[in-house]
1. Residues in region A:197-224 that are of a type in the set (A, V, I, L, M, F, W, C) and over 30 Å from residue A:150 (Cβ atoms): how many?
2. Among the residues of region B:402-450 satisfying the criterion of being assigned to a helix (DSSP H, G or I) and among the basic types (Lys, Arg), which is farthest from residue B:91 (Cα to Cα)?
3. How many residues does region B:147-199 contain that are assigned to a loop (DSSP other than H, G, I, E, B), within 30 Å of residue B:74 (Cβ to Cβ) and within 14 Å of chain A (Cβ to nearest Cβ)?
4. Does region B:185-203 include one or more residues that are at negative phi and in contact with a strand residue (DSSP E or B) (Cβ under 6 Å, 6 or more places away or on another chain)?
5. Among the residues of region B:316-334, is there at least one that is away from every other protein chain (no Cβ under 13 Å), among the hydroxyl-bearing types (Ser, Thr, Tyr) and either closer than 30 Å to residue B:565 by Cα or touching a residue at least 12 places away in the same chain (Cβ under 8 Å) (or both)?
6. Step by step: first the residues of region A:161-207, then only those that are among the aromatic types (Phe, Trp, Tyr) and free of Cβ contacts under 8 Å to residues at least 60 places away in the same chain, then the one that is farthest from residue B:225 (Cα to Cα). Which residue is that?
7. Only helices (runs of 4 or more DSSP H) wholly contained in region B:288-397 count here; list those with 2 or more residues that are under 30 Å from residue B:558 (Cα atoms) and touching a Pro at 6+ places or on another chain (Cβ under 7 Å).
8. Considering only region B:528-548, I want to know if a residue exists there that is without any contact (Cβ under 8 Å) to a residue 24 or more places away in the chain, of a type in the set (Lys, Arg) and either within 13 Å of residue B:432 (Cα to Cα) or outside any loop (DSSP other than H, G, I, E, B) (or both).
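The values are calculated or read from the model by the stated rules, or taken from the named source; none is laboratory data. Keep in mind it's a predicted model, so treat the numbers as computed, not measured. FYI the Cβ positions are ideal-geometry reconstructions off the backbone, even for glycines, and counts take in every protein chain you see.
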Amino acid sequence: MNISVLFAALGGAILVWLFLLQRLKTKPWVEQGVIEEGGAVNAAPERVGLWVFLAVVTSLFGLFAIVYNMRSQFPDWRPLPDPGLLWANTAVLILASVALQRARGAVAREDLEGLKPNLTAAGVLTLAFLGGQLLVWRQLIASGYYLATNPADAFFYILTALHGLHLAGGLWFWARAAGAVWKGLESRPVTEVARVRLSVTLCSVYWHYLLLVWLILFGLLLST
Amino acid sequence: MAYVAIADRDQHLHDPDTFITKYIWSQDHKVIAIQYALTAIFVGVVALVLSLLFRLQLGFPDTFNLVDPNQYYQYVTMHGMIMVIYLLTALFLGGFGNYLIPLMCGARDMVFPYMNMLSFWVYLLSVIVLLASFFVPGGPTGAGWTLYPPQAISEGTPGIGGGIVLMLVSLAIFIVAFTMGGLNYVTTVLQARTRGMTLMRMPLAVWGIFVATILGLLAFPALLVAAVMMTLDRVVGTSFFMPEMLSLGRELDYGGGSPILFQHLFWFFGHPEVYIVALPAFGIVSDVLSVHARKNIFGYRMMVWAIVLIGALSFVVWAHHMYVSGMNPYFGFFFATTTLIIAVPTALKVYNWILTLWRGDIHLRVPMLFAIGFIFTFIHGGLTGLFLGNVTVDLPLSDTYFVVGHFHMVMGVSPVLVVFAAIYHWFPKITGRMFNEALGKAHFWLTLLGTYSIYLPMHYLGILGVPRRYYAYGDTDFIPASAQTLNSGITVAALIVAAVQVLFFVNVIWSLWRGPKADPNPWRATTLEWLTPDTPPKHGNWGPELPEVHRWPYDYSVPGEAEDFIPQTEPPHAGVVAGRDHGVHH
């Protein structure tokens with residue numbers, strides 16, 4: 001409950017921040033003529049769209065975390081074992097994030113040689129992570145922890161599935177960028193190269209974010 | 001300059017050339033808006049018919065026998081859910097949001113047109129899934145629109161077969177659709193405004209829609225979480241919400257879950273949802289009042305702050321829906337306090353609307369009538385909200401018709417009046433034709449008086465203690481026979497109000513074919529949507545050049561000016577330089 005209030009306060013704080021940012025103390029009825037607004041939000045729409053989307057996803061996972069926390073206080077909670085494979089998966093996801101970060105650096109330097117292997121590695125590592133998560137599911141099922149066995153198990157499946165779905169959605173955007181890079185960017189028009197650069201940058205933001213979500217979820221799972 | 005660069009950049013607008021890309025798989029925000037609106041109004045009519053069916057049962061319990069007790073619960077449930085989510089949310093944000101944001105901000109389209117198109121089609125899918133539940137064995141769910149577990153998925157409640165599952169799946173699909181639309185609305189407002197259109201020069205309609213969308217984006221996930229978990233409880237047999245229980249003498253496999261947890265999640269979404277519907281209505285009504293009173297909106301900056309404050313506060317009041325859930329009295333105290341605090345910015349808005357009318361040059365045209373009607377119904381609904389916000393008053397009134405009367409006044413009738421105000425106000429721009437004024441006025445008066453005669457008596461019934469959610473009352477000691485007479489009267493009024501809506505549909509359809517050609521700016525308004533080169537606006541909205549904004553949207557009856565309105569694109573007049581003293585501007 002207290003966490004939910006905090007969460008709500010956070011939402012409110014974001015609104016207020018948005019507000020202050022735009023200097024709402026102006027008197028629009030007095031000023032005339034074209035006003036040039038300072039560059040508070042002059043990023044590409046895709047970048048702003050992504051950050052708004054991250055706020056939505058934060059709300060989703062945040063609420064799940066709160067519910068998890070509340071439900072785990074009940075006496076029928078039977079924590080499931082922490083499969084060792086999860087550590088390996090976590091390492092793989094960190095590597096994917098690192099690879100994307102390097103791809104982002106390469107694309108910023110217009111270093112197409114460095115871009116290709118890093119971008120490819122990021123996708124392969126992400127797929128490996130998703131495969132690893134499925135393997136964890138199979139291990140758990142094999143040892144008798146089903147979806148309906150205990151809420152602890154149910155939460156584990158839901159949260160990993162949800163996180164995996166978000167990564168899979170990210171892979172779709174990754175695939176579009178990777179496809180363009182594989183076809184070769186050298187002979188392409190400047191606008192398309194700029195799009196790929198934006199795309200790789202946003203993918204890296206999204207991957208880092210989902211890595212953070214995963215680390216928090218993993219911590220939550222380990223702590224109960 | 002950043003705004004210019006983005007708004008006017010070489011945006012990849014698709015060029016629709018066939019009928020299908022123009023009107024069906026369209027990425028044009030105006031077409032999508034109309035698709036959203038038509039779908040929402042269609043399901044709204046379905047929900048209206050459902051309400052008439054159960055009202056006939058309540059008003060004349062032994063006469064018609066059109067519905068049995070199960071159907072009664074199913075129709076009440078579907079009526080509530082459709083009206084709140086699939087009609088009002090979709091119409092205000094998907095409909096008006098889509099139509100107005102790009103036009104009022106001076107953009108050529110939403111920033112992500114393809115996703116905008118997807119948003120509508122996914123919304124349509126959610127509607128189809130919802131309506132499909134009428135045709136599965138057992139019918140739609142009858143759990144009440146709040147879908148409280150354990151009863152929502154326990155035997156005895158109608159529709160626990162396919163009905164409740166389809167309901168939850170449909171909600172999840174709707175949330176996906178809303179998120180795609182919402183990302184568009186927020187990003188478009190932030191990024192695609194034309195040159196000179198600062199945030200504080202946006203019309204209040206855009207402000208209302210903008211903040212409501214942010215609320216929706218943050219609040220709908222709570223409903224998604226609840227829906228996913230309840231679906232698993234129902235389908236797989238998990239025990240998130242389901243406690244240990246006996247059903248018909250048989251012990252169920254569930255155990256240990258918390259129904260209260262669901263209530264928290266549901267209302268963490270459910271209360272912001274009230275403002276997701278109300279804030280766009282607030283914004284639109286502000287603009288309509290200002291235009292037809294030929295006066296600047298009173299306290300523009302205060303109005304913007306109030307919208308934002310209401311939005312933020314709406315996240316910390318949800319448990320006032322749960323006073324009877326047995327919660328800690330200190331929580332009740334906390335939530336009663338926040339609830340009453342939210343009345344401050346809300347009352348502020350009401351005062352500002354009234355002060356906008358004060359000494360205005362009021363033109364009582366149809367949209368204005370609906371806007372003024374809204375002030376009445378909203379004040380009435382809001383005042384009873386103060387009653388219900390107090391724990392000690394809420395406890396005896398909870399689950400009576402007082403609550404039904406309250407929320408229908410405040411978030412049934414009030415937003416719907418704004419919907420009508422908005423449709424009549426923008427009809428000339430959307431269709432290029434004028435509607436029939438006399439029919440519109442008849443529609444207004446019969447609707448306003450009719451809805452009052454439905455919902456005012458309900459408050460009285462509630463104070464008598466007549467409980468809601470009953471199929472028939474039979475002989476109950478504390479309910480006098482006259483209550484039944486009142487109930488019959490309410491039903492008659494409901495039938496009349498429903499019949500009167502035919503006037504609206506006739507007016508719209510007739511005017512589409514036969515209405516006189518509309519002036520591009522029939523109300524002589526200042527905002528950008530009235531200044532498009534074509535009426536109705538063509539694909540891309542503006543001609544070769546985007547409009548340039550030089551002033552705020554409320555320059556009406558400026559002293560010393562020849563006209564009583566100055567469009568937002570009008571450069572500063574000679575002699576009246578920037579920084580003019582506004583003391584003369586009443």
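1. Adding up the residues that qualify gives 6.
2. B:441
3. Adding up the residues that qualify gives 1.
4. For region B:185-203, residues at negative phi and in contact with a strand residue (DSSP E or B) (Cβ under 6 Å, 6 or more places away or on another chain): absent.
5. Yes, because at least one residue in region B:316-334 is away from every other protein chain (no Cβ under 13 Å), among the hydroxyl-bearing types (Ser, Thr, Tyr) and either closer than 30 Å to residue B:565 by Cα or touching a residue at least 12 places away in the same chain (Cβ under 8 Å) (or both).
6. The selected residue is A:174.
7. Where helices (runs of 4 or more DSSP H) fall fully within region B:288-397 and carry at least 2 residues being under 30 Å from residue B:558 (Cα atoms) and touching a Pro at 6+ places or on another chain (Cβ under 7 Å), they are B:300-313.
8. yes
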